[in-house]
Amino acid sequence: MSADEYGTVIRSGVSRSGLAFSEACRPFDEIDVGQYRRDSRETEVRTRTMAENRRRGRGSSVAKRLALVLVASGLALTACTSSSNPDVGGSIGSTTVLPSKPSTGAPISVGYISPEGGATGQVPEAREAAQAAVQYINSNLGGVQGRPVNLVVCKEKEDPATARDCANQLVAANVVAVVAPVTSQGDAMVPIITGAGIPFVTGLGASSTEMTSNGAFVLSAGVPGGLAVVAKYAVQQKYKKVALVGVDAGAVMAGLKVIAGPVFQQSGVQLQTIGIPIGTPDATPQISAALEGNPDAITILGDGPLCTSVLKALQTLGSKADKLLFQLCVSPDVISAVGTAAAGAHVLGYSDVTSEDAEAVLYRTVMSKYAPNTAVGGTAYMGYQTTLGLYRSIAGLQGDVTAAAAMGAMNQATNVDLPVGHGLTFTCGGKTQPLLKAICGSGAIITTLKDGKPVDPQVFK
């Protein structure tokens, strides 16, 4: 984070309902993609042909299995759907004074694909946080080359048809980049967007296409990097054995073994894998069998229902094993359902929104000012993180701001501070994980759950 982004910290706790601003927050200028529609039949034919060509032989078998793990386990989106809003109106901690640097001139269009309107994957709070980030960029950072950023929002329903439609609409809108914080439809969207020479920026990377395509950029370490951090954490804690619980569906568990097995073997930590069928309300039999192996820690990689079932089983069985959960496993709905069963669990993720770290303070400030009715917890950070991460990568562009220029800047991004990353950085252009060349991030943050909230963030790289 540059010095221009951060001001003086106000150390006292601030209530969202009690914040007073010197100026009213202007409503965000969301552009309806409908006004960009035009006859793009030729573009669709060209990009879909590219998509078919790029699909042939794409990615390693490991990457393809990883996509199955992410989508089938629900990590792509299912666990991100929560109607809870616990942070609105409550104490959100210290904030900061933002610099005033308004942007002027002709706007620069950036596409944003938001999973909304379908049967699953409702994350409007991520879009709201992305819009807050854009207002911060335009009002407080001077935009890009002094020009404001316009976010061209397209909502897709987490199905291939609407995902492809959004991709084609944004190509037709001549955006310089596309942000899609989390989606299960990367295979449908990425070839169209990157085939048109437009960079695709995401936070998690839930498909082999997102992780291996030229022109795609995953700002976090994704699940491969997360599992590597679990192994490092186990070594630090001197654990001899870790049990990894996942969804027993199709090739999910086989994929997990392929990805996690070598990492744990190199770390000298024994890995035990346990598959639990989708929709299992009571995982006590499977967890009881797993505990017979005396693991030092239990890691859960799955959606909200799986996490709820496993955590309740661990409590019922009186397990003393350390609980290490991926961040999507501690949604407000899960915490509410399991109560004290999650107390003391360690949570692995890529964001810190609660501490006094400068990035967390900045995030709370931007959200309080520009999205006061959106919870700072949950999945909101995803939209903010990817949108501001893109900005930090292209802010220094010289000359015309085009998709080609943005693509070059993303490929050259080196040690860029990951927004709300508590010291995590990202480096793109295939330099971080050569086999998964689109992954830019490395490391993760491990926090401890106390009273249902993550505290004491520790960065593992």
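General observations
- Exactly one residue out of Ala206, Ala196, Ala234, Ala216 is crowded, with 24+ Cβ neighbours inside 10 Å and more than 22 Å from Lys461 (Cα to Cα), and it is Ala216.
- Residue within the stretch 132-144 that is at pLDDT 95 or above and at positive phi present: yes
- Residue within the stretch 402-410 that is open to solvent by 20 Å² or more (accessible area, probe 1.4 Å) and hydroxyl-bearing (Ser, Thr, Tyr) present: yes
- A single member of Leu348, Leu362, Leu291 is touching a residue at least 12 places away in the same chain (Cβ under 8 Å), surrounded by fewer than 21 Cβ atoms within 10 Å (Cβ to Cβ) and among the hydrophobic types (A, V, I, L, M, F, W, C), and it is Leu291.
- For the stretch 331-345, the set of residues classified as closer than 18 Å to Gly226 by Cβ and either open to solvent by less than 10 Å² (accessible area, probe 1.4 Å) or assigned to a helix (DSSP H, G or I) (or both) consists of Val334, Ala345, listed by residue number.
- If the condition is being open to solvent by 30 Å² or more (accessible area, probe 1.4 Å) and in a strand (DSSP E or B), then the stretch 165-193 contributes no residue at all.
- Thr448 satisfies every condition listed in (1) open to solvent by 20 Å² or more (accessible area, probe 1.4 Å); (2) farther than 27 Å from Ser207 by Cβ; (3) in contact with a helix residue (DSSP H, G or I) (Cβ under 9 Å, 6 or more places away or on another chain); (4) hydroxyl-bearing (Ser, Thr, Tyr) except (3).
- With respect to the conditions (1) surrounded by fewer than 24 Cβ atoms within 10 Å (Cβ to Cβ); (2) part of a strand (DSSP E or B), Thr162 lacks only one, and its number is (2).
- Filter result (at pLDDT 95 or above and either touching a Gly at 6+ places or on another chain (Cβ under 9 Å) or in a helix (DSSP H, G or I) (or both)) within the stretch 310-330: Val310, Leu311, Lys312, Ala313, Leu314, Gln315, Thr316, Asp322, Lys323
- The C-beta contact set for the stretch 182-194 (first residue of a type in the set (Gly, Ala, Ser), second residue open to solvent by less than 10 Å² (accessible area, probe 1.4 Å) and part of a helix (DSSP H, G or I), distance under 6 angstrom, 6+ apart or interchain) comprises Gly186/Thr209; Gly186/Glu210; Ala188/Ala163.
- When residues in the stretch 307-345 are screened for being more than 11 Å from Ile287 (Cα to Cα) and in contact (Cβ under 8 Å) with a residue 24 or more places away in the chain, 26 of them pass.
- Test: residue in the stretch 296-303 that is crowded, with 24+ Cβ neighbours inside 10 Å, over 19 Å from the mean Cα position of the chain (by Cα), under 26 Å from Gln237 (Cα atoms) and not hydroxyl-bearing (Ser, Thr, Tyr): yes
The values are calculated or read from the model by the stated rules, or taken from the named source; none is laboratory data. Remember, it's a predicted structure, so these values are computed and weren't measured experimentally. Using ideal geometry, Cβ is built from the backbone for each residue, glycine included, and neighbour counts are taken over all protein chains shown. For the accessible areas, the whole protein counts, side chains as well, though only heavy atoms, and no ligand, DNA or RNA atoms are used. Shrake-Rupley method; radii C 1.70, N 1.55, O 1.52, S 1.80 Å.
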